[in-house]
Amino acid sequence: MKQKAFLLFFFAPFIGILVIFFVFSTLNRTFIQDKTESLVQEQLAATAEIFKVNLAHLLEEGYRPEDILGMYKGEENIYYFAILDENKNILAWSSRYEGYLPLSAQDSGKTEPWVLSSPVGKIFNRLSPFSRNDGRVYFLYLGYSLRNLEEMTARADRDSLLMFSFLVAVGIEIRKS
């Protein structure tokens with residue numbers, strides 16, 4: 001009877017607490033990840049809009065696309081940056097990874113931002129048109145890093161696992177007593 005009482009009054013509620021902890025931890029992590037991705041998309045959109053205005057002015061002033069790219073090399077979360085003409089031919093591009101510009105013919109038709117899995121992690125991509133005052137159309141292609149989000153998610157996973165392990169260890173220790 002003592003074993004059954006222990007099971008009813010300790011073990012079953014303990015397992016319930018572990019399940020609730022796991023479920024809420026997972027839901028919280030998912031919520032934070034979704035919110036962060038949304039913020040990154042908004043940041044990418046805002047960055048693209050600012051860049052497009054600046055690019056249009058610089059192109060009107062006669063700067064070459066290659067020269068313009070050099071002005072934006074210091075952007076920390078921008079992994080790659082390209083200026084395309086109206087036919088989506090690449091005029092100039094820059095990447096943190098030499099020789100790496102993941103823009104395919106299939107991608108060049110996209111109108112909504114998309115996420116690309118790369119060797120360095122997830123990257124949000126955005127291809128958006130802009131024009132000079134004379135009506136000539138160009139496209140801006142940006143790749144924005146999600147490295148910080150992935151680091152946050154990995155840390156949250158580690159912390160949840162540590163807390164879960166601690167709760168299990170406490171349960172086992174109490175069971176032994």
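Quick notes on this one:
- Restricting attention to the range 103-126 and to residues that are in a strand (DSSP E or B) and over 18 Å from Leu39 (Cα atoms), the residue that is most open to solvent (accessible area, probe 1.4 Å) turns out to be Ser117.
Okay, residues lined up against (1) in a strand (DSSP E or B); (2) modelled with pLDDT of 80 or more; (3) open to solvent by less than 80 Å² (accessible area, probe 1.4 Å):
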residue: Phe11; (1), (2), (3): no, no, no
residue: Ile20; (1), (2), (3): no, yes, no
residue: Gln33; (1), (2), (3): no, no, yes
residue: Leu55; (1), (2), (3): no, yes, yes
residue: Gly62; (1), (2), (3): no, yes, yes
residue: Glu98; (1), (2), (3): no, no, no
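- Screening Asn89 against (1) at pLDDT 75 or above; (2) of a type in the set (S, T, N, Q); (3) open to solvent by less than 60 Å² (accessible area, probe 1.4 Å) leaves a single unmet condition, (3).
- Scanning the range 129-163 for residues that are open to solvent by 70 Å² or more (accessible area, probe 1.4 Å) and modelled with pLDDT under 85 yields Arg147, Asn148, Glu151, Met152, Arg155, Arg158, Asp159, Leu161, Leu162, Met163.
- Of note, Ile83 satisfies the criterion of being within 24 Å of Ser145 (Cα to Cα), modelled with pLDDT of 90 or more and among the aliphatic types (A, V, I, L, M).
- Scan the range 21-57 for residues that are closer than 16 Å to Lys122 by Cα and among the aromatic types (Phe, Trp, Tyr) and the total you get is 0.
- Pairs are defined by a Cβ separation below 8 Å, a sequence spacing of at least 6 or placement on different chains, a first member in the range 18-38 that is closer than 15 Å to Asp159 by Cα and touching a residue at least 40 places away in the same chain (Cβ under 8 Å), and a second member that is open to solvent by less than 100 Å² (accessible area, probe 1.4 Å) and acidic (Asp, Glu); the pairs so defined are Arg29/Asp157.
- Between Lys122, Lys88, Lys52, the distinction of being more than 24 Å from the chain's Cα centre (by Cα) and in contact (Cβ under 8 Å) with a residue 12 or more places away in the chain belongs to Lys88 only.
- Hits in the range 35-53 (condition: open to solvent by less than 70 Å² (accessible area, probe 1.4 Å) and not charged (D, E, K, R)): Thr36, Ser38, Val40, Leu44, Ala45, Ala46, Thr47, Ala48, Phe51
The values are calculated or read from the model by the stated rules, or taken from the named source; none is laboratory data. What you see is a predicted model, and the numbers here were worked out from it, not measured in a lab. Please note: Cβ atoms are built from the backbone with ideal geometry, for glycine as well, and neighbour counts cover all protein chains shown. Remember, those area values only see protein heavy atoms, side chains included, never the ligands or the DNA or RNA. Shrake-Rupley method; radii C 1.70, N 1.55, O 1.52, S 1.80 Å.
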